[in-house]
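Engineer: I am attaching a structure below and will ask some questions about it afterwards.
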Amino acid sequence: MRDLSKDKALLSINTATVKQWSLEQVIEGCARHGIGGIAPWRDKLHECGVEKAAKLIKQHGLQVSGLCRGGMFTAADAAGRQKAIEENRRCVDEAVALGAKCLVLVVGGIPAGSKDIVDARQQVRDGIAALLPYARANNMPLAIEPLHPMYAADRACVNTLRQANDICDALGDGVGVAVDIYHLWWDPELEAQIRRAGRRVLAFHVCDWLVPTADLLLDRGMMGDGVIDIPRIRGWVEATGFTGQCEVEIFSANNWWKKDGDEVLRTCIARHQSVV
Ligand code: ZN
């Protein structure tokens, strides 16, 4: 079994972790610190330019553990849902251009004016089904990322790994899951659902859950500063035969985003070795 901790080659930095840096800076920073991977968000990617980013990432020998993000399939009307599919095809193209391991999907919440979460979840399933032939044709795996239930209304109405696995079972090849411990650590079914996902685990995102949490979006903790038993979950992921990297994704407006980017990366490496 591969050990996802300790080896910097198996560490990836999500650009959200060092939001204070441009994509160029994150690429250079990861290379400078000997980190093996990167996971860009599309806003940073577009600032840099897809072609240039792809070239720089390749030049610096980094793997792309995922592109953040596609998804947002839900909308108030059919035209809005169609627009979302078209945008997601562009996401697939960009993920292919970067050689990403997967396109991460944050699936979308409840459309404005609706109170129907059952319908929203059906829209998500239909949206992924509509995108899937294009993703398959381009050999780009789709990774459904279940988000913590507190985001069900505005970001993602897929909130457990069981729900994501159900969608994968229904849709077949080309779609898997992203296991983000911030969103899933509390779930009593987590071990069983990671086992069920098996080879469909396409991404592994780490940070920590702080107590107390000051802000439910932008106060994620560095690994080791919170309550998540990270090695235990890592073990479950490794047992699936996961071949990706350990991606650090920390949204931290009042702490890590205010620090020097090199200090953030040094801390990520140290905690990856001592905590993950
Ligand atoms: Zn994530």
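The values are calculated or read from the model by the stated rules, or taken from the named source; none is laboratory data. All values reported here derive from a predicted model rather than from experimental measurement. Counting neighbours? That spans all protein chains shown, and the Cβs are built from the backbone with ideal geometry, glycine included. Side chains are part of the model used for accessible areas, which takes the heavy atoms of the whole protein and leaves out ligands, DNA and RNA. Shrake-Rupley method; radii C 1.70, N 1.55, O 1.52, S 1.80 Å.
Engineer: Kindly indicate the residue of the range 99-122 that is open to solvent by 20 Å² or more (accessible area, probe 1.4 Å) and part of a helix (DSSP H, G or I) and also nearest to the ligand (Cβ to nearest atom) among those meeting that condition.
Structural biologist: Per the stated criteria, the residue is ARG121.
Engineer: Let me ask something additional. Are any of the residues in the range 91-112 touching a residue at least 12 places away in the same chain (Cβ under 8 Å), over 23 Å from VAL201 (Cα atoms) and out of contact with any Asp or Glu (no Cβ under 8 Å at 6 or more places or on another chain)?
Structural biologist: yes
Engineer: Search the range 150-175 for residues that are over 26 Å from ASP215 (Cα atoms) and surrounded by fewer than 17 Cβ atoms within 10 Å (Cβ to Cβ) and pair each with any residue that is modelled with pLDDT of 95 or more and of a type in the set (Val, Ile, Thr) when their beta-carbon atoms are under 8 Å apart and the residues are at least 6 apart or on different chains.
Structural biologist: Pairs found: LEU171/ILE128.
Engineer: Inspect the range 4-17 for any residue being over 15 Å from the mean Cα position of the chain (by Cα), closer than 27 Å to ARG89 by Cα and open to solvent by 10 Å² or more (accessible area, probe 1.4 Å) and give the result as yes or no.
Structural biologist: Scanning the range 4-17, I find no residue that is over 15 Å from the mean Cα position of the chain (by Cα), closer than 27 Å to ARG89 by Cα and open to solvent by 10 Å² or more (accessible area, probe 1.4 Å), so the answer is no.
Engineer: Go over the candidates ARG89, ARG81 one by one and state the one that is under 19 Å from the mean Cα position of the chain (by Cα), surrounded by fewer than 23 Cβ atoms within 10 Å (Cβ to Cβ) and either over 22 Å from CYS246 (Cα atoms) or of a type in the set (D, E, K, R) (or both).
Structural biologist: ARG89
Engineer: Something else now. Take the residues in the range 251-264 that are under 19 Å from TYR182 (Cβ atoms) and of a type outside the set (Val, Ile, Thr); name whichever of them is surrounded by the most Cβ atoms within 10 Å (Cβ to Cβ). I'd like the intermediate steps shown before the answer.
Structural biologist: Of all residues in the range 251-264, those under 19 Å from TYR182 (Cβ atoms) come to 251-257, 264.
Filter once more, keeping what is of a type outside the set (Val, Ile, Thr): 251-257.
On the way: PHE251: 17, SER252: 22, ALA253: 14, ASN254: 10, ASN255: 17, TRP256: 24, TRP257: 18.
Looking at residues that are under 19 Å from TYR182 (Cβ atoms) and of a type outside the set (Val, Ile, Thr), I get TRP256.
Engineer: Moving on to the next point. Among (1) farther than 25 Å from ASP219 by Cβ; (2) buried (at least 23 other Cβ atoms within 10 Å of the Cβ); (3) not aliphatic (A, V, I, L, M), where does LYS58 come up short?
Structural biologist: (2)
Engineer: If a residue has to be over 17 Å from ASP7 (Cα atoms), open to solvent by less than 30 Å² (accessible area, probe 1.4 Å) and touching a residue at least 60 places away in the same chain (Cβ under 8 Å) to count, how many in the range 213-250 make the cut?
Structural biologist: Total satisfying the criteria: 2.
Engineer: Please go through the range 130-147 and give me each residue that is farther than 14 Å from CYS91 by Cβ and either touching a Phe, Trp or Tyr at 6+ places or on another chain (Cβ under 6 Å) or surrounded by 16 or more Cβ atoms within 10 Å (Cβ to Cβ) (or both), ordered by number.
Structural biologist: ARG136, PRO146, LEU147
Engineer: With the checklist (1) under 20 Å from ASP187 (Cβ atoms); (2) outside any loop (DSSP other than H, G, I, E, B) in hand, flag the one item ALA270 doesn't pass.
Structural biologist: Checking ALA270 against (1) under 20 Å from ASP187 (Cβ atoms); (2) outside any loop (DSSP other than H, G, I, E, B), the one that fails is (1).
Engineer: Right, here's the next one. Out of ILE38, ILE57, ILE13, ILE27, I need the residue that is in contact with a His (Cβ under 7 Å, 6 or more places away or on another chain) and either closer than 30 Å to GLY108 by Cβ or of a type in the set (Ser, Thr, Tyr) (or both). Which one?
Structural biologist: It is ILE27.
Engineer: Still on this model: Can you name the condition, by its number, that ALA178 falls short on among (1) within 15 Å of the ligand (Cβ to nearest atom); (2) out of contact with any helix residue (DSSP H, G or I) (no Cβ under 6 Å at 6 or more places or on another chain); (3) open to solvent by 40 Å² or more (accessible area, probe 1.4 Å)?
Structural biologist: Against the list (1) within 15 Å of the ligand (Cβ to nearest atom); (2) out of contact with any helix residue (DSSP H, G or I) (no Cβ under 6 Å at 6 or more places or on another chain); (3) open to solvent by 40 Å² or more (accessible area, probe 1.4 Å), ALA178 comes up short only on (3).
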